[in-house]
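Participant: First the structure, then my questions, so here it is.
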Amino acid sequence: QVQLVESGGGLVQPGGSLRLSCAASGSISSVNVMAWYRQAPDKQRELVAAITSSGRTNYADSVKGRFTISRDKAKNTMYLQMNSLKPEDTAVYYCNIDRLIVAGAWRNDVWGQGTQVTVSS
């Protein structure tokens, strides 16, 4: 079994910062791409940022220059540093792993439960 647990969400004023974490637990031996998605009320889930096993990153245009994705491969943990937050960043943020090996078997498309980020004065 594998579980993704997000943390670090909360309420922050515009211009503020938050750091999200996503920890993967289980008998994990390999993780491919880790990513953050978000879903605002009445909107589709969208990709925020992704990072490959080699450290290559990709960002949505709306967060470039403000958000930074990183990962600690030894801990199977991913982070999202969010600076200069705007009200339009308000959403539930989900972490995702596209492919990973758990207990010797490939698992695809694993999601966390989500963490709420609210940007408001």
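The values are calculated or read from the model by the stated rules, or taken from the named source; none is laboratory data. The model shown is predicted, which means the values in this text are computed figures rather than measured ones. Note: ideal-geometry Cβ built from the backbone for every residue, glycine included; neighbour counts use all protein chains shown. Just the protein is used for accessible areas: all its heavy atoms, side chains included, with ligands, DNA and RNA removed. Shrake-Rupley method; radii C 1.70, N 1.55, O 1.52, S 1.80 Å.
Participant: Would you confirm, using the coordinates I've provided, whether Tyr37 is under 25 Å from Gly16 (Cα atoms), open to solvent by 50 Å² or more (accessible area, probe 1.4 Å) and part of a strand (DSSP E or B)?
Facilitator: yes
Participant: Can you run down the residue pairs with Cβ atoms below 9 Å, 6 or more apart or on separate chains, where the first is in region 30-48 and hydroxyl-bearing (Ser, Thr, Tyr) and the partner is loosely packed, with under 12 Cβ neighbours inside 10 Å and outside any loop (DSSP other than H, G, I, E, B)?
Facilitator: Going by the 9 Å Cβ cut-off, the qualifying pairs are Ser30/Trp106.
Participant: Just to be sure, is Asn58 assigned to a strand (DSSP E or B), of a type in the set (S, T, N, Q) and surrounded by 15 or more Cβ atoms within 10 Å (Cβ to Cβ)? Break it down stepwise before answering.
Facilitator: Values: assigned to a strand (DSSP E or B): yes; of a type in the set (S, T, N, Q): yes; surrounded by 15 or more Cβ atoms within 10 Å (Cβ to Cβ): no.
Answer is no for this residue.
Participant: Kindly indicate the residue of region 8-49 that is of a type in the set (Ser, Thr, Tyr) and modelled with pLDDT of 95 or more and also nearest to Val102 (Cα to Cα) among those meeting that condition.
Facilitator: Ser21
Participant: Out of Val92, Val117, Val48, report the one residue that is assigned to a strand (DSSP E or B) and in contact with a helix residue (DSSP H, G or I) (Cβ under 7 Å, 6 or more places away or on another chain).
Facilitator: Val117
Participant: Of the numbered conditions (1) surrounded by 14 or more Cβ atoms within 10 Å (Cβ to Cβ); (2) not in a strand (DSSP E or B), Tyr79 fails exactly one; give the number of that condition.
Facilitator: (2)
Participant: Separate question: Against the condition touching a strand residue (DSSP E or B) at 6+ places or on another chain (Cβ under 7 Å) and open to solvent by 30 Å² or more (accessible area, probe 1.4 Å), how does Asp98 come out, does it pass?
Facilitator: Yes.
Participant: Can you say whether Leu47 is more than 30 Å from Ala105 (Cβ to Cβ) and open to solvent by 40 Å² or more (accessible area, probe 1.4 Å), as far as the supplied structure shows? Break it down stepwise before answering.
Facilitator: Numbers: more than 30 Å from Ala105 (Cβ to Cβ): no; open to solvent by 40 Å² or more (accessible area, probe 1.4 Å): yes.
No, not satisfied.
Participant: Looking at Asn76, Asn96, Asn58 in this structure, which one is more than 20 Å from Gln3 (Cβ to Cβ) and out of contact with any Ser or Thr (no Cβ under 7 Å at 6 or more places or on another chain)?
Facilitator: The match here is Asn58.
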